[in-house]
Every structure is written in structure tokens, then in C-alpha cells.
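Worksheet for the structure shown next.
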């Protein structure tokens, strides 16, 4: 599970995905904070000309279903268990409609309990490239009529993952976010709901590493 992650900067997103997005003022994100996510643009009614293949939106880290009374639910919906997302009220609409997105991340943070205490640990790709995390997106309209987008990171079991099994409490089920290989980005965004589970795979352990955060000058 992931309740804290480091969003990439605007130039990093441009370099990795070739698309411009909203400026990201806060890089260390927790549930309910606003962060970037990528999706296929929705076609407007009557639109004939093809639009951009990809767009970056700013949304709440924590999915807010359309029926929610307020945004507080985002404190609990930042991760979606892939095994149950199709049935859970908070996620089933986004799952059923194939509202797939990619959450770009420079790193995620997980607690290392091997010392007996929770030590926040920064985890990134070993090659230094951005993580592309599979997610679901949703939209919600507030009482003022403003549309607020939101997203949740999909997770899978990691009990047998030689890297991620070292994180979280010893007796808890080990979970990890679904990190997509770059070659599957387009496939994930275009996949219908019936094929969603085919992408729920563990990212190779040898492609992940503990990477200390660089000190800011």
C-alpha cells in the first residue's frame, strides 16, 4: 500500500511522457493532496478532429466517487485493491467504465519494519526513470458546481515479492502498487474493463531500489 509518494516535476513529466501538464507545486503527496495523473482525453460531443493522445490533469490523491457528499472519503481511497475494486462501492464505477490512468511518481515511500520500528523508506526505479503507477480516475462535482478529478493507485499482493515483502508490519499482508512497464502504458490506457486484471502484475524486484532523497541546495 502507498499513502505517501513523490510526484515528479513538470519537466520530468514532459521528458517521460511528452505532454505538458499543470505545474506541480507540492512534490511530497499524501491522501487528499492534489497531484498529476495521465489519461486519454475525453472526446467532446461533435468533435471530428483527433485531439491529443494523452493529457495530464490535476486531481485528488484519493478517489472521490460521484455519489460522495464531500471530499473526506479521499483519506481512505488512495489505494484500490485490484482483487475487489470491481465490487467496492467507491471504485466499482471507475473499474466498470475502464477509467484507467497512470500516476507518475519519482518515488514511493513504504515503512520498513525489519528493525522493529517503522522507518519511512524511499523506493524508486533502479534505472532512475519515473514510476508509472496504474490507477483509476473519477470526477466529482462539489456544491458550487466545480468538477474535481481524483485518482487511486491499484495494488496487488506482494507476499512473495523478494523486494516488497520486506515492507509493512511483519504479520500484515504485503501489498504493492501496480507499476507498469513503459511499453504497456498505452495498452493500459486503452484497455477495456474486462482486461484490467491482465495488467495487475508485480514489477520485477531487480528493477526497484531504495534510493535516498537528494538534499535540496
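Only one residue in 126, 158 is in contact with a strand residue (DSSP E or B) (Cβ under 6 Å, 6 or more places away or on another chain) and surrounded by fewer than 18 Cβ atoms within 10 Å (Cβ to Cβ). Which one?
126
Evaluate segment 190-200: report whether one residue or more is within 22 Å of residue 59 (Cα to Cα) and surrounded by 18 or more Cβ atoms within 10 Å (Cβ to Cβ).
yes
Got a sec? Which of 134, 86 is within 22 Å of residue 32 (Cβ to Cβ) and touching a helix residue (DSSP H, G or I) at 6+ places or on another chain (Cβ under 7 Å)?
Exactly one residue qualifies, and that residue is 134.
Of all residues in segment 161-184, how many are part of a strand (DSSP E or B) and out of contact with any strand residue (DSSP E or B) (no Cβ under 6 Å at 6 or more places or on another chain)?
Number satisfying all stated conditions: 1.
Please verify whether segment 17-24 includes one or more residues that are out of contact with any strand residue (DSSP E or B) (no Cβ under 8 Å at 6 or more places or on another chain), on the phi < 0 side of the Ramachandran plot and at pLDDT below 95.
Yes, the conditions are met somewhere in segment 17-24.
Please state which of the following conditions residue 150 fails to meet, knowing it meets all the rest: (1) assigned to a loop (DSSP other than H, G, I, E, B); (2) under 13 Å from the mean Cα position of the chain (by Cα).
Condition (1) is where residue 150 drops out.
Which pairs have Cβ atoms under 6 Å, sit 6 or more apart or on different chains, and link a residue in segment 171-182 that is within 13 Å of residue 101 (Cα to Cα) to one that is assigned to a loop (DSSP other than H, G, I, E, B) and at pLDDT 95 or above?
178/200; 179/203
Can you tell me which residue in segment 86-121 is surrounded by the most Cβ atoms within 10 Å (Cβ to Cβ), limited to those that are part of a loop (DSSP other than H, G, I, E, B) and touching a strand residue (DSSP E or B) at 6+ places or on another chain (Cβ under 6 Å)?
Only one residue tops the list, namely 91.
With the checklist (1) farther than 22 Å from residue 7 by Cβ; (2) modelled with pLDDT of 95 or more; (3) more than 15 Å from the chain's Cα centre (by Cα) in hand, flag the one item residue 45 doesn't pass.
Only one criterion is unmet by residue 45, namely (2).
When the residues of segment 202-217 are narrowed to those that are in contact with a helix residue (DSSP H, G or I) (Cβ under 9 Å, 6 or more places away or on another chain) and outside any helix (DSSP H, G or I), which ends up surrounded by the fewest Cβ atoms within 10 Å (Cβ to Cβ)? So that I can check it myself, show each step before the final result.
Residues of segment 202-217 that are in contact with a helix residue (DSSP H, G or I) (Cβ under 9 Å, 6 or more places away or on another chain), as a first pass: 202-203, 205, 208.
Next, only the ones that are outside any helix (DSSP H, G or I) stay: 202-203, 208.
Details: 202: 16, 203: 22, 208: 20.
Ranking the qualifying residues of segment 202-217, first place goes to 202.
Filter segment 55-80 down to residues that are assigned to a strand (DSSP E or B) and touching a residue at least 40 places away in the same chain (Cβ under 8 Å) and give me whichever is surrounded by the fewest Cβ atoms within 10 Å (Cβ to Cβ).
Among them, the one singled out is 58.
Within segment 25-42, which residues are at pLDDT 90 or above and under 21 Å from residue 95 (Cβ atoms)?
31, 35, 37, 38, 39, 40, 41
The values are calculated or read from the model by the stated rules, or taken from the named source; none is laboratory data. It should be emphasised that the depicted structure is a prediction, and the values quoted were computed from it without experimental measurement. FYI the Cβ positions are ideal-geometry reconstructions off the backbone, even for glycines, and counts take in every protein chain you see.
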